[in-house]
2 protein chains.
Amino acid sequence: MKTYVDCIPCFYRQIIEASRLAGLEDSTIKEIIDETGKILEESKLDSTPPEVVGNIYEILRKRLGNIDFYKQIKEKSNNLALSVYDLIKEKVSSSEDSLLTAIEMAIAGNIIDFGVKNSINVEKEVEKILKKENQFLKNNNNNFFAYEEFNSLLEKSKKIVYLADNSGEILFDRVLIEEIKRLFPKINIIFAVKETPVINDALKEDALFCKLDKYSTVVSSGSKIPGTMLDLCSKDFLELYKDSDIVISKGQGNFESFTDKNKPVFYLFMAKCQQVAKEVGCEIGSINLFFNGSK
Amino acid sequence: MKTYVDCIPCFYRQIIEASRLAGLEDSTIKEIIDETGKILEESKLDSTPPEVVGNIYEILRKRLGNIDFYKQIKEKSNNLALSVYDLIKEKVSSSEDSLLTAIEMAIAGNIIDFGVKNSINVEKEVEKILKKENQFLKNNNNNFFAYEEFNSLLEKSKKIVYLADNSGEILFDRVLIEEIKRLFPKINIIFAVKETPVINDALKEDALFCKLDKYSTVVSSGSKIPGTMLDLCSKDFLELYKDSDIVISKGQGNFESFTDKNKPVFYLFMAKCQQVAKEVGCEIGSINLFFNGSK
């Protein structure tokens, strides 16, 4: 997806938020904003939004080193997710269609995104989605929720690459991965996290904390942007990636940045802003299992 | 009030919105965003936010001339306000404390601000505020709603300068002005609008459309920013201004920019963002009749 001019205020909002978390004073944040202006001037609108955000984030990395400004928020998110794990797990196991419910929960986990909103009451949101358990089923027949294709392609797959999104959310991904492994025990899952701290995206330490390694092979994609682009991934990751049968691209950042015309890609995410909703053709807040969307 | 770094995403949002209204394409808007970055680089955080927005707005003026991009929105606002005029007027005339209710309504009109929000259902908002008619009374004893001072200073005044805010809203101001004139017939009111189109701020044509000239002397303050700073006002206005007894500063833009330590100033506005709320010491959405706030 290209960058819309409307994404730009949001880029500034994100860099200000990260700068605040880094404990910087307003006068220093103003300098970072000025540098952001220069990076944006050099950026083209045909870059993906996470690529531009990654470049802006480099300003902080150059000034402060590879510090994980969101560490506390990510730890809180992981713990918050863990606190509702039993609830989600029970919901999945008691469901008539456990895979569908697990997908629902994985997308529900996508609301834990401190990069887009400043604060949300996760538990309330989870409860809300759990109560509306049929909302995805209702959308089951539209283009944005390709459950049948997903199910049938899983049956034929041996290896899945799962592109992780945020901390906290990955615990919800684990529930989906557990369910895939239970139903299709022969499938190997590569769970790809980011290489360096960027916003609240999950790193290896988050995936290990949430015990993703019990059900998948946790690797770094090599990505330093809040999304995934094959051009910017590491050779090691591309080696693991090349013979995968399906890609599950999780979250808005990966939707905005990831494309591979040679593989089936399922984008699992909630459309959190007008620009992404426009790109998909769905409404804001819409919950998608988008199959190989043209982007 | 100084500019907070958190105001900057909002500046970008405003210039993008105005550019869209001007019918510009995204590639051109990107150029304007790049120019905005340069203006912000030259701007200091001790400038007022409306001053910075005014400078950013100059980019559009230089490119497109003095076009009124918000003309249609302003006309819609004026008409929308007119459609609820009878309701407001009736509410004021049937009130036990008509001046207080007129103040309430003038501040209610402040929600009609297309510069801060993209769309609001004005009628619903007005209804909501009309229903909660006692909410201001409840706040009557706090520092942010100085009704007693306002009432007692009106009794001693001969000349008031009323700094207008947005189109549509000015019709609500008219109701307050009508009430002041009814209670204190000897008071002269100078109703000061902006010199040139800037966002949805009221111009002379709006004030005349809303018949403010029946109850006050409608003048331009000379201001070309979405607020009022005496340094940037015209000589003609300052001549009228100098012997006024009270200033009524309407709306957030005037709160952010206007100060005069030599006169009693009443700021009538709703705090629409975190930065302004922080500046006042009130909560977001709080409705204020703020007396000579230290800024």
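Values in this text are rule-based calculations from the coordinates and carry no lab data. Computed from a predicted structure; not experimentally measured. Cβ: placed from backbone, ideal geometry, glycine included. Neighbour counts: every protein chain shown.
Summary table below
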| item | result |
| --- | --- |
| Chain A, closest residue to the rotation axis toward B, by beta-carbon, whole angstrom | A:37, 1 |
| Rounded to 5, percent antiparallel among DSSP beta bridges of the protein assembly as shown | 25 percent |
| Percent of alpha-carbon pairs separated by more than 40 Å within the protein assembly as shown | 38 percent |
| Relative contact order [Cα under 8 Å, 6+ residues apart], region B:150-295, whole percent | 22 percent |
| Phi-based couplings in Hz for region A:169-182 (Karplus 6.51, -1.76, 1.60; Gly and Pro marked x) | 3, 5, 5, 5, 4, 4, 4, 5, 5, 4, 5, 4, 5, 5 |
| Angle between chain A longest axis and helix A:49-64 axis [Cα atoms, degrees, rounded to 10] | 50 degrees |
| For chain A, size of Cβ-based charge dipole, Lys and Arg +1, Asp and Glu -1, in debye | 300 debye |
| Exposure proxy order (Cβ contacts within 10 Å, fewest to most) of A:165, A:213, A:206 | A:213, A:206, A:165 |
| Between 0 and 90°, nearest 10: helix B:147-156 axis offset from chain B longest Cα axis | 80 degrees |
| 10 Å Cβ neighbours from other chains, averaged over peptide A:21-30 | 3 |
| Protection proxy ranking, peptides A:28-38, B:252-262, average beta carbon neighbours within 10 Å, highest first | B:252-262, A:28-38 |
| Total formal charge among the other residues, if their Cβ is under 12 angstrom from that of residue A:22, Lys/Arg +1 and Asp/Glu -1 | +1 |
| Descending Cα extents along the principal axes, region B:206-295, whole Å | 36, 30, 23 |
| Cα-based shape type of region B:71-291, given that a ≥ b ≥ c are square roots of the gyration tensor eigenvalues and the cut on a/c is 1.5 | rounded |
| Ascending list, in nanometres, of distances separating the residue A:64 label from those of the other copies (7 Å, Cα toward Cβ) | 3.7 |
| Cα gyration tensor shape for region A:1-81, rounded if a/c is under 1.5, else prolate or oblate | oblate |
| Eligible aspartates and glutamates near residue A:214 by straight Cα distance, threshold 12 Å, same-chain separation 8 or greater | A:178 |
| Bridge type composition, chain A - antiparallel percent by DSSP, nearest 5 | 25 percent |
